Each structure stands twice: as C-alpha cells, then as structure tokens.
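The structure appears right after this line, and notes come after that.
The values are calculated or read from the model by the stated rules, or taken from the named source; none is laboratory data. Computed from a predicted model, the values in this text were never measured in an experiment. Cβ placement follows ideal geometry from the backbone for every residue including glycine, while neighbour counts extend to all protein chains displayed.
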C-alpha cells in the first residue's frame, strides 16, 4: 500500500524540472507522514539535479529543507501527533548502531546515512525529496519546529541553518569572539544571524559592498569588500573564526592571514575546484583550516530551538512550482535574497 503525491522532478541530468506524481511508502510502525507546506531550494539541489557532484539517480525529486505538518503516524510513534509542526533535513535514516550514530552524529554513519533525496534507503528503494506535497520519514529523523518560527522561514534552517550553526558552536562563536562570515548568500545570511545571536562580534567579507545594508541589518557590525586590496591589510590577524560559506575558489592564504594565532577557518561551501594553500599559513600562527558537514538530528533540534528563542528565520522569497526552473537560474546568477522557498500548495491537485 502506497500513497501517491504530486511533486516536481528532474527527469534527466540538467533537464528542466517538471510536474509529476510519485509514490510514498505505506506507514511503518516508526514512520511519520508529513504534509509538506514549504521546501527550500538549496544550491546543492541544483548541483545534484545537474549531476555536477557525480553520478545521480533520475528521475530526481530534490529538496532537503522541508517544513510541514504531521498528517499521520505509525503505530509505534510516541513523539509526534497529527497536526504537529515538523521539519526534515538532509537525512532520513542511518544504521543507528555505529559509534557515530550512538553519539548523535548520524551524518557520519559508518554504514552511510540515507540522504533525503538522490539516495537509496536500506530497503533498496530510491529516496525522493521535499519538492512534493507529502513525505514519509522515520520518526527519529523528524524535528519539531517550535511555534516561534513560521514554517516558510523555518524550511531553510533544516539545511542552511544547521550547516552554519554546527561549526559556529563547535568553534566557540560567542561573547568576546570576533567572527567573519565569508559571503552573504543562502548560507551566509543565516550564519550572520546565528553568530550575532550567539554573542559574537560579526564581520561580513563579501566581494563588494552591494549587500552592506542587509549585512548590518542581519547582525553584522562591520562589512568589508574583499575586492578592495586594503581589506586584507586592514583586517590582518583580527578574527578568532572565519566561516567560509561560498562555493567558489578563494585565495586561502589571504584569508588565513586574517586569523589570530590559534584561529580557525571553517569551510561549509563546496567549490567544484580544489583549494590550495601554503602550509606556512597554518604553521605560522597555529591556525586551523577545517570543514563542517551539517549536524546530527539532536543538534538540528537544538538549532531550531535556538532560532525560535532568538526569532531567527531565513530571509526568503516564496515561489510557485512553475517558477522553480527560473529560481534555479536566479540562484546560479546570485539573484536571490536570500533563499527561495517553494509553496508546495502550488504543485497542483
């Protein structure tokens, strides 16, 4: 027994997304059926729909920034009730038994976490994501969205929010710390909000000053253009933490020079080209060059609760199902402030 739901899918690599219907599995004892209200458009959706990150599974229904309401629950579910406000992020399952799963770091599951879309479940079935009207998810991979956040602005938090929150927490962003956020886009704008709410002094580093007003409004105290050669001289040795959110090659050595001794530059963007740097840029100041990949389910819930407490949501532009392909092109052209979110009620039916 399965449920048929409307969706938008990429039929082949690089093809335009088009309306379709997909089947969701019947509820297992530990499953939650969610009526999806909103689905964020992450840049990684575009990379995968265009098969830019290796071989992908088609037809593909992207979307791992999902917000909606519980429509039904399996007989063994106790944490959720019909009508609850919930979200789903980048994962929908893991082995639950390895050291990483037991440590609430399911993203590093030894067996491999099951991705929300473009993945294969432990049952051998392909996964389809949030560009649809319903989804069935194991209850332990569902997060509760607090009443203090609108579902539309909460959807991007399920990826962009945890992607920036996790490294900020790990590397100690807080009172007395100077944090630089590189890039003011889908990830960066949330990173600025979170770092400021954590109590850090926040600076935005962007190619130009065209988004300066936004950056200061979102919580930054300073904003610098990296295209200005004087920026790197002026800011040398200033920051405790640099959060790099851009998916483009950067002069890493120049950015490392902005760190205080013992500081860290953490990459959450995924450029298609390798980054290069001199070992002396690290050795000379006991500096750290690191990466960070989302967070576990418990930390994602912590992030959502924190955002509700501090009134943090994504800055969004709602789009209809018919506008998704145009939205993809606009993301590629950096023409969005700052996250497209699909109103799934527009998918028809």
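Results for (1) over 30 Å from residue 68 (Cα atoms); (2) surrounded by fewer than 21 Cβ atoms within 10 Å (Cβ to Cβ); (3) within 18 Å of the chain's Cα centre (by Cα), shown as yes or no for each residue.
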| position | (1), (2), (3) |
| --- | --- |
| 152 | no, yes, yes |
| 155 | no, no, yes |
| 170 | no, yes, yes |
| 183 | no, no, yes |
| 213 | yes, yes, no |
| 222 | yes, yes, no |
| 229 | yes, yes, no |
| 236 | yes, yes, no |
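Do we have any residue at all in region 188-200 that's surrounded by 23 or more Cβ atoms within 10 Å (Cβ to Cβ), part of a loop (DSSP other than H, G, I, E, B), more than 20 Å from the chain's Cα centre (by Cα) and touching a residue at least 24 places away in the same chain (Cβ under 8 Å)? Write out each step before concluding.
Just the residues of region 188-200 that are surrounded by 23 or more Cβ atoms within 10 Å (Cβ to Cβ), to begin with: 188-195, 200.
Among the residues that remain, those that are also part of a loop (DSSP other than H, G, I, E, B) are: 200.
When the remaining residues are screened for being more than 20 Å from the chain's Cα centre (by Cα), the result is 200.
Narrowing the set further to residues that are touching a residue at least 24 places away in the same chain (Cβ under 8 Å) leaves 200.
Checking region 188-200: at least one residue is surrounded by 23 or more Cβ atoms within 10 Å (Cβ to Cβ), part of a loop (DSSP other than H, G, I, E, B), more than 20 Å from the chain's Cα centre (by Cα) and touching a residue at least 24 places away in the same chain (Cβ under 8 Å).
Yes/no per residue for (1) surrounded by fewer than 19 Cβ atoms within 10 Å (Cβ to Cβ); (2) on the phi > 0 side of the Ramachandran plot; (3) not assigned by TED's automatic domain parsing to the domain that holds residue 18:
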| residue | (1), (2), (3) |
| --- | --- |
| 279 | yes, no, yes |
| 283 | yes, no, yes |
| 317 | yes, no, no |
| 327 | no, no, no |
| 335 | yes, no, no |
| 340 | no, no, no |
Looking at the structure I just gave you, is residue 83 closer than 18 Å to residue 136 by Cβ and either more than 24 Å from the chain's Cα centre (by Cα) or surrounded by fewer than 20 Cβ atoms within 10 Å (Cβ to Cβ) (or both)? yes
Pick from 78, 116: which is exposed (fewer than 15 other Cβ atoms within 10 Å of the Cβ) and either under 21 Å from residue 31 (Cβ atoms) or touching a strand residue (DSSP E or B) at 6+ places or on another chain (Cβ under 9 Å) (or both)? 78
Result of the Cβ filter at 6 Å on region 238-252, keeping first residues that are assigned to a loop (DSSP other than H, G, I, E, B) and partners that are at pLDDT below 90 and surrounded by fewer than 23 Cβ atoms within 10 Å (Cβ to Cβ), at least 6 apart or interchain, is 245/269; 246/269; 247/269; 247/270; 247/271; 248/271; 249/271; 249/273
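Restricting attention to helices (runs of 4 or more DSSP H) lying wholly within region 258-349, give those where 1 or more residues are free of Cβ contacts under 8 Å to residues at least 24 places away in the same chain and touching a strand residue (DSSP E or B) at 6+ places or on another chain (Cβ under 6 Å). Explain how you work it out, then say what you get.
Values: elements: 279-283, 297-310, 324-332.
Answer list for region 258-349: none.
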With at pLDDT 95 or above, on the phi > 0 side of the Ramachandran plot and assigned by TED's automatic domain parsing to the domain that holds residue 60 as the only criterion, which of 121, 89, 83 stands out? 83
